1. Which of the residues spanning segment 77-96 are surrounded by fewer than 24 Cβ atoms within 10 Å (Cβ to Cβ) and not aromatic (F, W, Y)?
2. Can you give me the number of residues within segment 131-149 that are within 28 Å of R55 (Cβ to Cβ) and in contact with an Asp or Glu (Cβ under 9 Å, 6 or more places away or on another chain)?
3. Go through segment 142-152 and give me each residue that's surrounded by fewer than 17 Cβ atoms within 10 Å (Cβ to Cβ) and in contact (Cβ under 8 Å) with a residue 12 or more places away in the chain.
4. Looking only at segment 114-138, count how many residues are crowded, with 22+ Cβ neighbours inside 10 Å and either of a type in the set (A, V, I, L, M) or without any contact (Cβ under 8 Å) to a residue 24 or more places away in the chain (or both).
5. Filter segment 93-109 down to the residues that are more than 19 Å from V59 (Cα to Cα) and touching a residue at least 24 places away in the same chain (Cβ under 8 Å) and list them by number.
6. Quick test for you: out of A47, A103, A99, pick the one residue that is touching a Ser or Thr at 6+ places or on another chain (Cβ under 7 Å), assigned by TED's automatic domain parsing to the domain that holds A10 and crowded, with 24+ Cβ neighbours inside 10 Å.
7. Out of F11, F88, I need the residue that is within 13 Å of the chain's Cα centre (by Cα) and within 22 Å of A155 (Cβ to Cβ). Which one?
8. Confirm whether A82 is within 20 Å of H139 (Cα to Cα) and at pLDDT 95 or above.
Amino acid sequence: MDTDDATALAFSAYVIGLLGDLDTACSAIDKALVLNPNNAQAFNLGAVVNSIAGRFDTVVDYARRSFRLNPFCPLRYLALTALSRAYFLTGRYEEAIEAALRATQANPQFVPAYVWVVASHVRLGRMAQALEAKRRLLHVDPNFHITRWASYVIAPPAHKEAIATALRDAGVPE
């Protein structure tokens, strides 16, 4: 990518990451941060891209830096959800819940955050809380189904299965 606009580069990286070209996306985030090492949006979107790429230590670092640089960013729910994903997939379920709940406060309609709340409560054996979180998930997206979610989420098969199993255990529709 040939641009000297760090924010444009970060948004491009985000879209490229969602399309599955994670090497290009991570490189573009790196370039955006070289162009502007204080770009909160590049850190925010970089957290998402690195979450998809499975670079969980980087997710935590980038999310925290994004929040520090711009605590009122209207897109902070993206980094919070990426942080929740990183925490869940590294077994830090309490922290996953905390980050995901903050994401739902920042954007009450953002379905992926609810997925992490449900799955994390299941992993902690808190079925009453998992069922309540499932109720909220299905209120926001009454047509949510695990198979539909699994068809568009970008993750290695083992990660998808870990999340899908937790959602099944909470009784989320298949």
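The values are calculated or read from the model by the stated rules, or taken from the named source; none is laboratory data. Since this is a predicted model, take the numbers as computed values, not measurements. Because the Cβ atoms are built from the backbone with ideal geometry, glycine has one as well, and the counts that use them run over all protein chains shown.
1. L89, T90, G91, R92, E94, E95
2. Of the residues in that region, 2 qualify.
3. Residues satisfying the conditions are H145, T147, A150.
4. 8
5. Hits for segment 93-109 are N107, P108, Q109.
6. Answer to the check: A47.
7. After ruling out the rest, the residue left standing is F88.
8. No; evaluated as a whole, the condition is false for this residue.
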